[in-house]
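Colleague: Handing you a structure now.
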Amino acid sequence: MTSQWQYQVRFDLNDSATAESVRRKLRVPALAPLFDILAEHRAALKCQFDAFAEYVAAAEEHGVENYPLYQWTKATIENPAKKEKYLRSFTVYVDDREVYAKEIADALEADLQPLATSGLITRISKYDTNPANNPEPPQAPASGASPSARAN
């Protein structure tokens, strides 16, 4: 039986230098196992910080009123600690899709697990599209409140 929900795999890398190498798609020997797994699954990575920055840029180009997470996202990428965190966090796209079947996500997660055991990856997460399992979007900051103080 197939699930009605789609899934997404994300992971965090162990350090900023490694994450920067992955963002630049540098084929350094230490990253060969990761890139081999991605190739096997027809997968590509998107850095969470880059995704957030692209969202903010699109909102600013097309009108922030059409982007409900604009304030939260902008505050997040402007916060140095959160910037560091999200520069090490990656979303896995499979066949250019942001979400995919559970079986695909399970296989990808299983193949990435040895990289977590070895320490290259510090955390692997699997998310589904079931609204009950996803947090409510952040609320807009109260008038006069600093957006960076409200970002989580």
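Colleague: So for the stretch 67-75 (the condition being farther than 28 Å from ILE104 by Cβ and under 16 Å from the mean Cα position of the chain (by Cα)), does at least one residue qualify?
Modeller: Yes, because at least one residue in the stretch 67-75 is farther than 28 Å from ILE104 by Cβ and under 16 Å from the mean Cα position of the chain (by Cα).
Colleague: Six or more apart or on different chains, Cβ under 9 Å: which pairs go from a residue in the stretch 5-34 that's under 21 Å from ASP95 (Cα atoms) and without any contact (Cβ under 8 Å) to a residue 60 or more places away in the chain to one that's surrounded by 11 or more Cβ atoms within 10 Å (Cβ to Cβ) and aromatic (Phe, Trp, Tyr)? Could you list them?
Modeller: LYS25/PHE35; ARG27/PHE35
Colleague: Which residue is nearest to ASP36 (Cα to Cα), if the candidates are limited to the stretch 112-136 and must be modelled with pLDDT under 90 and within 16 Å of the chain's Cα centre (by Cα)?
Modeller: So the residue we want is ASN134.
Colleague: Do any helices (runs of 4 or more DSSP H) lying entirely in the stretch 51-119 carry at least 3 residues that are farther than 25 Å from GLU136 by Cβ, and which ones are they?
Modeller: Hits in the stretch 51-119: 80-87, 102-118.
Here is a yes/no grid of residues against (1) under 25 Å from ALA58 (Cβ atoms); (2) surrounded by fewer than 17 Cβ atoms within 10 Å (Cβ to Cβ); (3) aliphatic (A, V, I, L, M):
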position	(1), (2), (3)
ILE77	yes, no, yes
PRO80	yes, yes, no
PHE90	yes, no, no
VAL94	yes, no, yes
PRO114	no, yes, no
LYS126	no, yes, no
THR129	yes, yes, no
ALA132	no, yes, yes
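Colleague: Please determine, by comparing only the residues of the stretch 137-152 that are under 29 Å from GLU20 (Cα atoms) and among the polar types (S, T, N, Q), which one is modelled with the highest pLDDT. Outline the logic, then answer.
Modeller: Narrowing the stretch 137-152 to residues under 29 Å from GLU20 (Cα atoms): 137-138, 147-152.
Narrowing further to those that are among the polar types (S, T, N, Q): 148, 152.
Values: SER148: 38, ASN152: 32.
The qualifying residue modelled with the highest pLDDT is SER148.
Colleague: How do the pairs read when you match residues in the stretch 121-136 that are in a strand (DSSP E or B) with residues anywhere that are loosely packed, with under 10 Cβ neighbours inside 10 Å and of a type outside the set (Lys, Arg), using Cβ under 8 Å and keeping only pairs 6 or more apart or on different chains?
Modeller: Here the result reads TYR127/ASN133, each pair linking the stretch 121-136 to a residue that is loosely packed, with under 10 Cβ neighbours inside 10 Å and of a type outside the set (Lys, Arg).
Colleague: Across the stretch 36-56, what is the total count of residues that are of a type in the set (Lys, Arg) and touching a Leu at 6+ places or on another chain (Cβ under 6 Å)?
Modeller: 0
Colleague: Continuing with the same structure: For the stretch 28-66, how many residues are small (Gly, Ala, Ser) and farther than 21 Å from LEU108 by Cβ?
Modeller: Residues of the stretch 28-66 small (Gly, Ala, Ser): 30, 32, 39, 43-44, 51, 53, 57-59, 63.
Keeping just the survivors that are farther than 21 Å from LEU108 by Cβ gives 53, 57-59, 63.
Count: 5.
Colleague: What are the residues in the stretch 17-36 that are part of a helix (DSSP H, G or I) and exposed (fewer than 12 other Cβ atoms within 10 Å of the Cβ), if any?
Modeller: Once the filter is applied, which keeps residues that are part of a helix (DSSP H, G or I) and exposed (fewer than 12 other Cβ atoms within 10 Å of the Cβ), the stretch 17-36 yields ALA17, PRO29, ALA30, ALA32, ASP36.
The values are calculated or read from the model by the stated rules, or taken from the named source; none is laboratory data. What you are looking at is a predicted structure, and each value in this text was computed from that prediction instead of being measured. Note that we place each Cβ from the backbone using ideal geometry, even for glycine, and neighbour counts take in every protein chain shown.
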